[in-house]
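The values are calculated or read from the model by the stated rules, or taken from the named source; none is laboratory data. As the structure is a computational prediction, the values presented were derived from the model and not from experiment. Ideal geometry is used to build each Cβ from the backbone, glycine not excepted, and the neighbour counts take in all protein chains shown.
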C-alpha cells in the first residue's frame, strides 16, 4: 500500500516553551510532520522560503511584527494555508479577513492543552486541503447594496457555514438592508467568539446583528447568530417566530457540532415552509445538507456556495449531492440571488 504523504507544518510562536509543546504534540500525530519552528515573523518568512511547508500555525501576538500584519504582507506574495493561534479577542477576525483559513483559541492553562491540540490537529488537516489563492481571488469583489421588496411573503433567511464562513457571512450581510427578512445564522465557532463576531458585524452592517438569545423574535432587519455551545431552533409562538436554545451536553452534538446547521434548518422547514430562503456556505463536513433538503422539500428557496469560492467545499457539496440546492453560485452572486428572489415574490 502506498504510504500517505505527511502534512508538513511550520510553527510560528514567540514562546520557546509553547513551540516545544506544539512540536511534541503535533509530531506524535502520524500524518503530521513539524519541519521548522520560528520565533517571529522574519524567521517564519525565511523558513517558508527554505522549507515550503504545507500549513503554518501562526501566533497573533509576536515581537517585531504581529501575526496579523505578517499575514497581510505574506498572503499576496505567498498564499498558503494558515491556522491562527489566538488569545481571546476579536483580532482573529482580522486574521480571517486577511486570508487565514481558521483559528484556535490558545489555552490559558495546562488543563486546556489537550483539547486545544486536538482541535488544532483537526484544523491543520482541514487547512492542508485548501487552495488559498483560488478562493481569495474568487471572493474579492465588493457587494453592492440593493433595494428590497418590503412586501415580500418571505419571512426568514437561514444561513449555515463553517470553515471560511465568517468572511463569507460578512460579505453577504454587508449587502443586506433593513428591509431584508429576519435572518438566522449558524456559524461553527466556539463560545464567546460568536458574540464577538456578532458585535463586529453589527458595527459594519446596515442591519442589526446580535448573538441569539432565548425568546429573540425574528423580525425584518435583524440578524441572529447562534451562540457557540448552543443549538438554536425557530418556533412559532402566537403571531411571532422566536428563538429556542439548547445548551451543549455530552451527547447532543449533531454532525459533531453545537450549534448545528441541520438543527436550525430543520426547524425553519417546519416553521416557515415556502416562506424561507436557505443558504449553505463554505465548510468542512456535511452539517446542514439534510436540513437544507428538508427546507427545499417544504417549499423553501435554497442556495449553495460553489466550489471555486468556498474555502472548503464540503457542506455545499454535500447539499448539492443531496439535490438540496436550487441555485449553486459564487459567493459574490449570492446576495444578488437573494434580492432577486425577494423582488420576484
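A few remarks follow.
- Number of the exception - residue 292 against (1) under 20 Å from residue 218 (Cα atoms); (2) touching a strand residue (DSSP E or B) at 6+ places or on another chain (Cβ under 7 Å); (3) not in a helix (DSSP H, G or I): (3)
- In the range 259-289, the residues that are surrounded by fewer than 21 Cβ atoms within 10 Å (Cβ to Cβ) and part of a loop (DSSP other than H, G, I, E, B): 285, 286
- Within the option set 62, 47, being part of a loop (DSSP other than H, G, I, E, B), buried (at least 18 other Cβ atoms within 10 Å of the Cβ) and in contact with a strand residue (DSSP E or B) (Cβ under 8 Å, 6 or more places away or on another chain) holds for one residue only, 62.
- When the residues of the range 197-209 are filtered to those that are out of contact with any helix residue (DSSP H, G or I) (no Cβ under 7 Å at 6 or more places or on another chain) and touching a residue at least 40 places away in the same chain (Cβ under 8 Å), the one that is farthest from residue 253 (Cα to Cα) is 206.
- Flag if residue 53 is assigned to a loop (DSSP other than H, G, I, E, B), within 26 Å of the chain's Cα centre (by Cα), closer than 30 Å to residue 200 by Cα and not assigned by TED's automatic domain parsing to the domain that holds residue 191: no
- Pick from the range 75-92, criterion farther than 17 Å from residue 310 by Cα and buried (at least 21 other Cβ atoms within 10 Å of the Cβ), ranking: modelled with the highest pLDDT: 84
- Residues that are at pLDDT 90 or above, under 30 Å from residue 14 (Cβ atoms), surrounded by 16 or more Cβ atoms within 10 Å (Cβ to Cβ) and out of contact with any helix residue (DSSP H, G or I) (no Cβ under 8 Å at 6 or more places or on another chain) occur at least once in the range 129-148.
- Residue 322 meets the conditions (1) over 24 Å from residue 153 (Cα atoms); (2) crowded, with 19+ Cβ neighbours inside 10 Å; (3) in contact with a helix residue (DSSP H, G or I) (Cβ under 7 Å, 6 or more places away or on another chain) in every case but one. The failed one is (2).
- When the range 217-246 is filtered for residues that are part of a strand (DSSP E or B), out of contact with any helix residue (DSSP H, G or I) (no Cβ under 7 Å at 6 or more places or on another chain) and over 15 Å from residue 154 (Cα atoms), the ones remaining, listed by number, are 217, 224, 230, 237, 242, 243, 244, 245, 246.
- If the condition is being over 14 Å from the mean Cα position of the chain (by Cα) and surrounded by 16 or more Cβ atoms within 10 Å (Cβ to Cβ), then the range 174-194 contributes 174, 175, 176, 177, 179, 180, 181, 182, 183, 184, 192.
- Here is the figure for the range 201-216: residues that are surrounded by fewer than 17 Cβ atoms within 10 Å (Cβ to Cβ) and in a helix (DSSP H, G or I) total 3.
- In the range 295-332, the residues that are more than 18 Å from residue 274 (Cβ to Cβ), out of contact with any strand residue (DSSP E or B) (no Cβ under 9 Å at 6 or more places or on another chain) and assigned to a helix (DSSP H, G or I): 321, 332
Residue by residue, here is whether (1) modelled with pLDDT under 95; (2) under 15 Å from residue 186 (Cβ atoms) holds:
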position	(1), (2)
274	no, no
286	no, yes
290	no, yes
316	no, yes
324	no, no
330	no, no
342	yes, no
